[in-house]
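The values are calculated or read from the model by the stated rules, or taken from the named source; none is laboratory data. Remember, it's a predicted structure, so these values are computed and weren't measured experimentally. Positions of Cβ are backbone-derived with ideal geometry, glycine not excepted, and every protein chain shown enters the neighbour counts. Accessible surface is based on the protein model in full, side chains and every heavy atom, while ligands, DNA and RNA are left aside. Shrake-Rupley method; radii C 1.70, N 1.55, O 1.52, S 1.80 Å.
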Amino acid sequence: MFVLCILLLIAAVVLFLVGRGRTGGWKLGAALSALAGVLAGVFACVHVVNAYEVGVPVTFGKIGSPLTSGVHLTSPFTDITSFSTRPADLDLYDKDVVEVRSSQGGVLYADVTVKWAVVPAKAVALYRLAGNEEAIQERLVVPDSREIIRNVFAGHTSEEGYASAREEIGREIDALIKERLAPRGIDITAVNLRNVRPSDQLQTQIDKKIQQEQDTERAVEAARTAKAEAERKRIEAEGIARANQIIARSLNDKVLYNQCLEAFKEAAKANPVYAVPCGTNAGGSPVIVDGTKK
């Protein structure tokens with residue numbers, strides 16, 4: 001714009017000199033060119049910083065104070081680099097997925113989204129570090145985020161990484177990225193650990209481990225069932241043995257003799273006279289039972 005201003009003013013001077021002493025529209029053309037040159041010069045000194053942006057002015061290599069949103073009067077030789085202060089998404093998935101290793105050496109793939117924004121007060125420092133908004137992400141946010149993600153996963157086992165400790169790992173990554181980038185003027189608004197999946201080799205190992213655990217559980221359950229069955233049989237056998245001991249203590253010759261008589265009395269109901277081979281002792285004489293007598 002400033003170059004255009006100079007050109008228009010030069011054109012106005014030329015038109016004025018050429019049209020001097022002549023009739024026609026030379027003077028009008030010179031006046032219009034001069035007016036256009038002045039307007040172009042004014043616009044060259046005015047810079048508008050859009051909403052949710054911060055500008056870093058550079059004049060002849062010297063960096064000035066950051067410019068907030070609004071209209072600013074600057075030198076026509078000032079170049080202004082704008083940075084958006086809205087949160088930007090850094091998506092680390094698909095071809096940019098982060099490959100990490102657990103403390104056990106297992107390979108995992110982590111899908112992570114990092115939301116970051118430029119702190120307006122630190123725009124000058126970021127300009128010195130990176131130069132523009134795209135460079136901030138590529139030179140600062142991406143490498144630091146990847147490094148921290150790998151370091152956090154390296155402190156956890158594979159099972160913790162893809163299952164039991166994902167929330168804890170996400171919180172660790174969030175805290176460490178904020179701690180690393182905040183002093184540089186980058187505000188991390190959120191870190192989302194979207195997904196963690198094991199590599200094919202690790203998945204095979206996981207499936208094998210699960211199968212082994214299931215086999216072990218079945219073996220333990222079978223052993224527990226066998227033990228319970230053996231205990232049941234032991235208790236049953238002890239009960240039978242105690243019952244036999246009680247019966248053995250309660251029986252004597254007289255009791256056995258009476259039981260024998262009762263048994264053959266029942267048999268004699270079908271036979272009028274029945275010889276009962278019972279005696280009062282082991283060498284006792286048989287007893288004749290007459291079933292016709294009541």
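Taking the residues in the stretch 117-126 that are open to solvent by 10 Å² or more (accessible area, probe 1.4 Å) and hydrophobic (A, V, I, L, M, F, W, C) as candidates, determine which candidate is farthest from ALA51 (Cα to Cα). Write out each step before concluding.
Let us first name the residues in the stretch 117-126 that are open to solvent by 10 Å² or more (accessible area, probe 1.4 Å), namely 119-122, 124-125.
Right, trim to hydrophobic (A, V, I, L, M, F, W, C) and you get 119, 121, 124-125.
Values: VAL119: 14, ALA121: 15, VAL124: 18, ALA125: 21 Å.
Checked the stretch 117-126; the qualifying residue farthest from ALA51 (Cα to Cα) is ALA125.
Pairs meeting the criteria (first residue in the stretch 116-131 and under 19 Å from LEU90 (Cβ atoms), second residue among the hydroxyl-bearing types (Ser, Thr, Tyr) and assigned to a helix (DSSP H, G or I), beta carbons under 9 Å, at least 6 apart or on different chains) are TRP116/SER145. Of the residues making up the stretch 78-101, those that are touching a helix residue (DSSP H, G or I) at 6+ places or on another chain (Cβ under 9 Å) and either hydrophobic (A, V, I, L, M, F, W, C) or in a helix (DSSP H, G or I) (or both) are PHE83, ALA88, LEU90, LEU92, ASP96, VAL98, VAL100. Yes or no: GLU99 within 21 Å of LYS178 (Cβ to Cβ) and either in contact with a Gly (Cβ under 9 Å, 6 or more places away or on another chain) or open to solvent by 40 Å² or more (accessible area, probe 1.4 Å) (or both)? No, not satisfied. Comparison of LEU176, LEU129, LEU181 shows that the only residue that is farther than 20 Å from VAL97 by Cβ, open to solvent by 40 Å² or more (accessible area, probe 1.4 Å) and touching a helix residue (DSSP H, G or I) at 6+ places or on another chain (Cβ under 8 Å) is LEU129. Quick one: is ASP207 in a helix (DSSP H, G or I) and either at pLDDT below 90 or touching a strand residue (DSSP E or B) at 6+ places or on another chain (Cβ under 6 Å) (or both)? Against the criterion (in a helix (DSSP H, G or I) and either at pLDDT below 90 or touching a strand residue (DSSP E or B) at 6+ places or on another chain (Cβ under 6 Å) (or both)), ASP207 qualifies. Looking only at residues of the stretch 132-162 that are hydrophobic (A, V, I, L, M, F, W, C) and closer than 15 Å to GLN104 by Cα, we find that the one that is most open to solvent (accessible area, probe 1.4 Å) is ALA154. Figure legend. Inter-residue proximity from the stretch 63-82: first residues surrounded by 15 or more Cβ atoms within 10 Å (Cβ to Cβ) and at pLDDT below 80, second residues assigned to a loop (DSSP other than H, G, I, E, B) and among the hydrophobic types (A, V, I, L, M, F, W, C), beta-carbon distance below 7 Å, spacing 6+ or different chains. Indicated pairs: THR74/CYS45; PRO76/CYS45.
Residue by residue, here is whether (1) at pLDDT 65 or above; (2) among the charged types (D, E, K, R); (3) within 30 Å of THR157 (Cβ to Cβ) holds:
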{"site": "ALA223", "(1), (2), (3)": "yes, no, yes"}
{"site": "GLU231", "(1), (2), (3)": "yes, yes, no"}
{"site": "ILE235", "(1), (2), (3)": "yes, no, no"}
{"site": "ASN244", "(1), (2), (3)": "yes, no, no"}
{"site": "ASP253", "(1), (2), (3)": "yes, yes, no"}
{"site": "GLU262", "(1), (2), (3)": "yes, yes, no"}
{"site": "ALA267", "(1), (2), (3)": "yes, no, no"}
{"site": "ALA275", "(1), (2), (3)": "no, no, no"}
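Exactly one residue among ALA190, ALA117, ALA110, ALA182 is over 17 Å from the mean Cα position of the chain (by Cα), outside any helix (DSSP H, G or I) and modelled with pLDDT of 90 or more, and that residue is ALA117.
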